[in-house]
Amino acid sequence: MDIVDARGLDCPKPVIKTKETVEKGCRSFAVWVDNEVASANVTRFLENRGFLVNKEYGETSIVLEAKLNTKDAVIRPERKGSLGLLLTSDKIGADSDGLGKVLMKSYLGTLVQSEKPPTAIALMNDAVKMAVTGSSEFDYLCELSDRGSLILVCGACTKHFGITDDVKVGIISNMFEITEAIFGPTKTTVVG
């Protein structure tokens with residue numbers, strides 16, 4: 001069985017190494033990672049491509065055994081839609097006496113009311129702080145998620161700010177998945 005040793009690699013390298021193995025045509029292999037975020041990212045990537053994934057904990061790693069499900073393979077379709085949104089801050093523009101935060105909250109509130117919410121919303125840099133309970137934008141992100149928007153929260157960013165365990169809306173994600181989700185829709189907008 002092929003082994004992808006992705007321990008000690010920064011996001012999104014575990015997913016990229018796994019993708020390379022899938023592209024070589026491997027139908028059964030193991031991926032070794034050393035943290036839960038990498039485990040979740042790799043598992044989601046594999047499941048979206050029709051693999052069954054079994055997770056086991058070792059002494060120094062998490063072992064993900066992947067096997068292509070040829071019997072009942074259901075490859076999830078790409079998310080196609082009208083708008084991919086990349087938020088890079090929890091403010092819009094310069095934060096002149098709190099105006100930037102007010103504008104961001106208003107922007108998200110307006111998106112909630114829109115007829116077609118964004119297909120995907122990626123939170124990076126300071127924007128990841130909005131995915132934490134108690135942020136003024138949190139409820140709007142929850143509503144957008146409930147309306148079908150895929151909320152992706154940059155795992156490297158949450159790790160940097162020490163808030164990974166505090167994120168309560170969306171999926172802790174990686175640059176590879178964020179790039180695919182944001183540039184899949186017809187139109188991409190960057191705010192922040």
Equivalent ellipsoid dimensions for region 83-191 as semi-axes, Å, which come from the Cα gyration tensor, largest first: 18, 17, 13
Likely footprinting exposure, Tyr57, Tyr140, fewest C-beta neighbours within 10 Å first: Tyr57, Tyr140
Cα-centred dipole magnitude for region 83-191, charges only on beta-carbon of K, R (+1) and D, E (-1), debye, nearest 20: 160
The chain - Cys residues lacking any other Cys C-beta under 4.7 Å: Cys11, Cys26, Cys142
Debye equation applied to the C-alpha atoms of region 2-68, log10 I(q)/I(0) at 0.16 Å⁻¹: -0.41
Kyte-Doolittle mean at least -1.0, axial Cα span of 20 Å or more - DSSP H helices of the chain: 99-113
For Thr88, Thr158, order by how many other beta-carbon atoms lie within 10 Å, fewest first: Thr88, Thr158
Difference of contour (0.36 nm per residue) and Cα-Cα distance, Glu36 to Met1: 10.3 nm
Above-threshold pairs, the threshold being 31 Å between Cα atoms, out of Lys19/Lys129; Lys19/Lys71; Lys17/Lys168; Lys17/Lys129; Lys17/Lys116: Lys17/Lys116
Magnitude of the charge dipole, the chain, Cβ model with Lys/Arg +1 and Asp/Glu -1, debye to 20: 580
Extreme residue, positive dipole direction of region 131-192, given options Thr188, Ser145, Gly155 (C-beta unit charges): Thr188
Top positive-direction residue, dipole computed over region 83-191 with Cβ charges, set Ser96, Pro118, Gly170: Pro118
Fewest-first ranking of Phe29, Phe51, using other Cβ atoms within 10 Å as the exposure measure: Phe29, Phe51
Those residues of region 150-192 whose amide nitrogen sits under 15 Å from the label point placed on Asp126, 7 Å along Cα→Cβ: 161, 191-192
Hz values of 3J(HN,Hα) by residue in region 114-129 - Karplus curve (6.51, -1.76, 1.60), Gly and Pro given as x: 5, 5, 10, x, x, 5, 9, 10, 9, 10, 9, 6, 5, 5, 4, 5
Debye-sum result for the chain in log10 I(q)/I(0), which assumes one identical scatterer on each alpha carbon, at q = 0.14, 0.19 Å⁻¹: -0.81, -1.25
For region 1-33 versus region 115-191, the gap between their alpha-carbon centres in whole angstrom: 25
Packing rank of 177-184, 127-134, where each peptide gets the mean count of other beta carbons within 10 Å, highest leading: 127-134, 177-184
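No lab work stands behind these numbers, since they all come straight from the coordinates. Predicted model, so just to flag it, every value in this text is computed and none were measured. FYI the Cβ positions are ideal-geometry reconstructions off the backbone, even for glycines, and counts take in every protein chain you see.
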